[in-house]
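Peer 1: Take this structure, written in structure tokens, and hold onto it; I'll ask about it next.
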Amino acid sequence: GSKIIAVFNYPEAPRFSIFNTDDGTWQALPSATRAAAWAPNSLEIAYLEGNSLKILELQKQTARTITSIFQPDIQLWWLEPDQMLFGTTPSAFLTTQIWSLNIKTKIVTPFLSETGAVLAWSDDKELALKLRGSAQGSILSLFHNTTGTQIDLRVLTLPEKCVLKNNQIYCGVPKIIREGLTLPDDFYQRNVYFDDNLYLIDLNSGTNA
């Protein structure tokens, strides 16, 4: 699409805005917004304003409230027309809890519970890069949403540094990860900055470059 969600002042006092790349205009989401995610059709945006989960229809500029979520630190994804995920902020010292929300029925079910889990989804939401972080070390894997299976990758980076598209993965991979770092915590707390190489992983051929 031609619009993106931009986040400023994260994580201290995040401000969410929609940027239109066609005409260069900005639309700010409410100041109390704590998380936001695109709908699969790219015509709506889900956002958490305070504890209220809302959906903004971009063309009509109307918002409706879906439910309430009482979670201090939160991530939000919109996987399917009727399915959203929300979860706790990842830390290598805590279990990341992610739940699935049925938008129609408002039923919440467990989706993932894993220490230090960080997810970055492909456009079709079938695949995700998942970092499993711990004080002992971290592993980057490819997670399949439908089957729940995962394959560990030979490279290590943050999922946020990657893009999954058309069965190809583009990643910024640190040239050096010094000993003693704890991911994702040290990266989120800005205790470390990386000099990256650009990697391409072709899922069809299994090759990387």
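Peer 1: Test SER113 against the criterion of being within 19 Å of the chain's Cα centre (by Cα), exposed (fewer than 14 other Cβ atoms within 10 Å of the Cβ) and on the phi > 0 side of the Ramachandran plot, and give yes or no.
Peer 2: The answer is no for SER113.
Peer 1: Can you pull out every residue in segment 1-39 that is part of a strand (DSSP E or B) and more than 24 Å from TRP121 (Cβ to Cβ)?
Peer 2: TRP26, ALA28 - these are the residues of segment 1-39 that are part of a strand (DSSP E or B) and more than 24 Å from TRP121 (Cβ to Cβ).
Peer 1: Hey, can you tell me all the residues within segment 1-39 that are at pLDDT below 90, loosely packed, with under 10 Cβ neighbours inside 10 Å and among the small types (Gly, Ala, Ser)?
Peer 2: Across segment 1-39, the qualifying residues are SER2, ALA13.
Peer 1: What residue, among those in segment 100-128 that are hydroxyl-bearing (Ser, Thr, Tyr) and assigned to a strand (DSSP E or B), is nearest to THR149 (Cα to Cα)? Outline the logic, then answer.
Peer 2: First pass over segment 100-128, keeping only residues hydroxyl-bearing (Ser, Thr, Tyr): 100, 105, 109, 113, 115, 122.
This time we only want the ones that are assigned to a strand (DSSP E or B), so: 100, 109, 113, 115.
Details: SER100: 17, THR109: 19, SER113: 14, THR115: 17 Å.
So, considering only residues that are hydroxyl-bearing (Ser, Thr, Tyr) and assigned to a strand (DSSP E or B), the one nearest to THR149 (Cα to Cα) is SER113.
Peer 1: Quick check on segment 129-152: of everything there that is in a strand (DSSP E or B) and over 15 Å from PRO184 (Cβ atoms), which residue is most open to solvent (accessible area, probe 1.4 Å)?
Peer 2: Top of the filtered list is ILE151.
Peer 1: Taking LEU164, is it within 24 Å of TRP77 (Cβ to Cβ) and hydrophobic (A, V, I, L, M, F, W, C)?
Peer 2: It is true that LEU164 is within 24 Å of TRP77 (Cβ to Cβ) and hydrophobic (A, V, I, L, M, F, W, C).
Peer 1: For residues that are of a type in the set (S, T, N, Q) and touching a residue at least 40 places away in the same chain (Cβ under 8 Å), scanning just segment 40-58, find the one that is surrounded by the fewest Cβ atoms within 10 Å (Cβ to Cβ).
Peer 2: ASN41
Peer 1: Could you check, for segment 117-126, whether at least one of its residues is without any contact (Cβ under 8 Å) to a residue 60 or more places away in the chain, open to solvent by 70 Å² or more (accessible area, probe 1.4 Å), under 15 Å from the mean Cα position of the chain (by Cα) and more than 24 Å from LEU29 (Cα to Cα)?
Peer 2: Yes, segment 117-126 contains at least one residue that is without any contact (Cβ under 8 Å) to a residue 60 or more places away in the chain, open to solvent by 70 Å² or more (accessible area, probe 1.4 Å), under 15 Å from the mean Cα position of the chain (by Cα) and more than 24 Å from LEU29 (Cα to Cα).
The values are calculated or read from the model by the stated rules, or taken from the named source; none is laboratory data. Computed from a predicted structure; not experimentally measured. Counting neighbours? That spans all protein chains shown, and the Cβs are built from the backbone with ideal geometry, glycine included. Only protein heavy atoms, including side chains, enter the accessible area calculation; ligands, DNA and RNA are left aside. Shrake-Rupley method; radii C 1.70, N 1.55, O 1.52, S 1.80 Å.
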